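Chemist: The structure is given below, and queries will be raised subsequently.
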Amino acid sequence: MSVARFSFLVLALLAAGCGEPPAKLSPLSGDAVVLAFGDSLTFGTGAAEEESYPAQLERLIGRRVVRAGIPGEVTAQALERLPAALDEHAPRLLLLCIGGNDFLRRLGNGQAEANVRAMVKLARTRGVQVMLIGTPEPGLRIAPPQFYAGIAKEFGLPYEEAVMSEVLKDSSLKSDQIHPNARGYRVIAERLAADLRKSGAI
């Protein structure tokens, strides 16, 4: 074997080893509770309650999904509210989708990042699995800040980065400039159900 070919094979093996395996979740039993926690995107503003993404996800995965979204809530308020929600519902899995109101109010991404990280830590210390859902910043790009991906990598979390941005870029899936309609929430629920299957949760 030539030196050049040997070097190429070594580099190829190193590159293959650099890819991180997809984050996994433990399987959810049939009676497990999933806590969908966040702001108006989780509440389902723009659609009927039964058309919110938690309600549609519940029907797709056959597990109870608690809709714990409060419209207008910022990450600091969500962090204060989370302990009681975990106590009340004793979830096996937390779907965390929060941050949009921090961005709209220009409160600073540093604050949002610190609060999201604190919520992930809190859930994990209580033995609750977490899936992180990126919330896009307003603007031309409509994409989540990079800190979501960083937190997901730091804690080894499944991370749904794209679906909220995809929905909010499509006027046919929106009820207004910042909220999905029933069809948009259906797209979100279907993507999350696929993510949960891919992660091994269902």
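The values are calculated or read from the model by the stated rules, or taken from the named source; none is laboratory data. Quick caveat: nothing in here was measured; it's all calculated off a predicted structure. In this analysis, Cβ positions are derived from the backbone assuming ideal geometry, glycine residues included, and neighbour counts consider all displayed protein chains. Side chains are part of the model used for accessible areas, which takes the heavy atoms of the whole protein and leaves out ligands, DNA and RNA. Shrake-Rupley method; radii C 1.70, N 1.55, O 1.52, S 1.80 Å.
Chemist: Of all the accessible heavy-atom surface of the stretch 17-90, with the other protein chains kept in place and a 1.4 Å probe, what percent is carbon and sulfur? Could the numbers behind the result be given before it?
Modeler: Details: 1800 of 3450 Å².
Carbon with sulfur: 52 percent of the solvent-accessible area.
Chemist: Can you give the Rg to Rh ratio for the stretch 102-173, taking only C-alpha atoms and Rh from Kirkwood?
Modeler: On the way: Rg = 13.0 Å, Rh = 13.0 Å.
With Rh from the inverse mean 1/r over Cα pairs, Rg/Rh is 1.00.
Chemist: Can you tell me the orientation of helix 182-199 relative to the chain, as the angle in degrees between its alpha-carbon axis and the longest Cα principal axis, to the nearest 10?
Modeler: 40
Chemist: Sort out for me the Cα centre separation of the stretch 79-99 from the stretch 129-202, rounded to whole Å.
Modeler: 18
Chemist: I've got another one for you. What's the carbon and sulfur percent of the stretch 95-141's accessible surface, probe 1.4 angstrom, rounded to a whole number?
Modeler: On the way: 1040 of 2110 Å².
In the stretch 95-141, the share of accessible area belonging to carbon and sulfur is 49 percent.
Chemist: Picking from S52, S172, S40, which is most flexible by a Gaussian network model of the chain using Cα springs under 10 Å?
Modeler: Taking springs between Cα atoms under 10 Å, the residue moving most is S172.
Chemist: Could you give the length gained on full extension between A90 and A118, defined as 0.36 nm per residue of separation minus the Cα-Cα distance, in nm?
Modeler: Details: separation 28, 0.36 × 28 = 10.08 nm, distance 1.82 nm.
Length gained, A90 through A118: 8.3 nm.
Chemist: Next question. Given charges of +1 on the Cβ of Lys and Arg and -1 on the Cβ of Asp and Glu, with all other atoms neutral, how large is the dipole of the chain about its Cα centre, in debye to the nearest 20? Could the numbers behind the result be given before it?
Modeler: On the way: 23 positive and 22 negative charges, 110 e Å.
Using Cβ point charges on Lys, Arg, Asp and Glu, the chain gives about 540 debye.
Chemist: Specify the residue with the greatest mean-square fluctuation among S165, S29, S175, computed from a Gaussian network of the chain linking alpha-carbon atoms under 10 Å apart.
Modeler: Looking only at S165, S29, S175, the biggest GNM fluctuation is shown by S29.
Chemist: Additional query: By how many nm would the segment from E166 to A48 lengthen if fully extended, with 0.36 nm per residue of separation less the alpha-carbon distance? Mind dumping the intermediate values first?
Modeler: Details: separation 118, 0.36 × 118 = 42.48 nm, distance 2.10 nm.
Here the segment from E166 to A48 would lengthen by 40.4 nm.
Chemist: Turning to a different aspect of this structure: Could you tally the net charge around L35, taking each other residue with its Cβ under 10 Å from the Cβ of L35, Lys/Arg +1 and Asp/Glu -1?
Modeler: Residues close to L35 contribute a combined charge of +2.
Chemist: Could you list the square roots of 5 times each eigenvalue of the Cα gyration tensor of the stretch 37-194, that is, the equivalent ellipsoid semi-axes, sorted largest first and rounded to whole Å? Kindly include the intermediate steps, with their values, before the conclusion.
Modeler: Values: eigenvalues 90, 73, 40 Å².
Listed largest to smallest, the semi-axes of the stretch 37-194 are 21, 19, 14 Å.
Chemist: Count charges around F155 for me, please; just the other residues with Cβ under 12 Å from its Cβ, Lys/Arg as +1, Asp/Glu as -1.
Modeler: On the way: positive: R117, K121, R124, K153; negative: E154.
Taking every other residue near F155 into account, the sum is +3.
Chemist: With every protein chain present, what is the per residue accessible area of the chain (1.4 Å probe, Å²)?
Modeler: Numbers: 9820 Å² over 202 residues.
Solvent-accessible surface per residue comes out at 49 Å².
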